[in-house]
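What follows is a set of notes on a single structure, which appears directly below.
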Amino acid sequence: MSRPVVRPVRLLTIAIVVAQAATVVAIQAVQKPSFSGIWIIQPPNKAAGVEQIVKQDDKTLSITSAGRTRTYQLNGVEHREATSTRIGEVVMVSKAAWDGRTIVITTATSYPNDMKTAEKEIWSIDNQGQLVIDFVETAPGQTPRVMKITHKKKS
């Protein structure tokens, strides 16, 4: 049984198509999404209907909700924030960095009663263009609190 002869032009065409497809996949993997906009938290989350205003540039991510703004450097550098309360100081150490097409924000919080918590947020944009935040909070001796918070873009 003889094999069919594949013409060099056909091989070249196949090679070009494969190369173009690989280029598109590589570009999509490198392009980072923009999280900027006004986002509305979706049900079934208890905070459904709450707006978050997100501003993002090459270096920072700022989130405003309920009159409070948090700003993160997207280079993984830690940011320390201390808040005085009537029972002592609450200290939050946060950092944010890109991980592929997601932003990962971690926050370690120390309370005056020596309780400590750790939070991790993974920000992504799903196939429907929604902001999805996978959230985990842990504290010694407690069951981790895990949530998926979905937001629809208002503008």
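Nothing in this text is a laboratory measurement; each read-out follows from the coordinates by a stated rule. Keep in mind it's a predicted model, so treat the numbers as computed, not measured. Note that we place each Cβ from the backbone using ideal geometry, even for glycine, and neighbour counts take in every protein chain shown.
Before moving on, here are some points about what is shown:
- Exposure proxy order (Cβ contacts within 10 Å, fewest to most) of Arg70, Arg80: Arg80, Arg70
- Per-pair calculated FRET efficiency, R0 = 35 Å: Val146 and Val77 via Cβ, rounded to 0.05: 0.85
- Contour excess over end-to-end distance, with Cα ends at Met92 and Ser110 and 0.36 nm allotted per residue: 5.8 nm
- Each label was represented as a point 7 Å from its Cα along the Cα-to-Cβ direction; for Ser84 and Gln130 these points are 4.3 nm apart.
- Counting only residues at least eight positions apart within a chain, or on another chain, the aspartates and glutamates with an alpha carbon under 13 Å from that of Lys152 are Glu51, Asp126.
- Inter-part distance where the range 82-155 and the range 43-62 are each reduced to a Cα centre, Å: 12 Å
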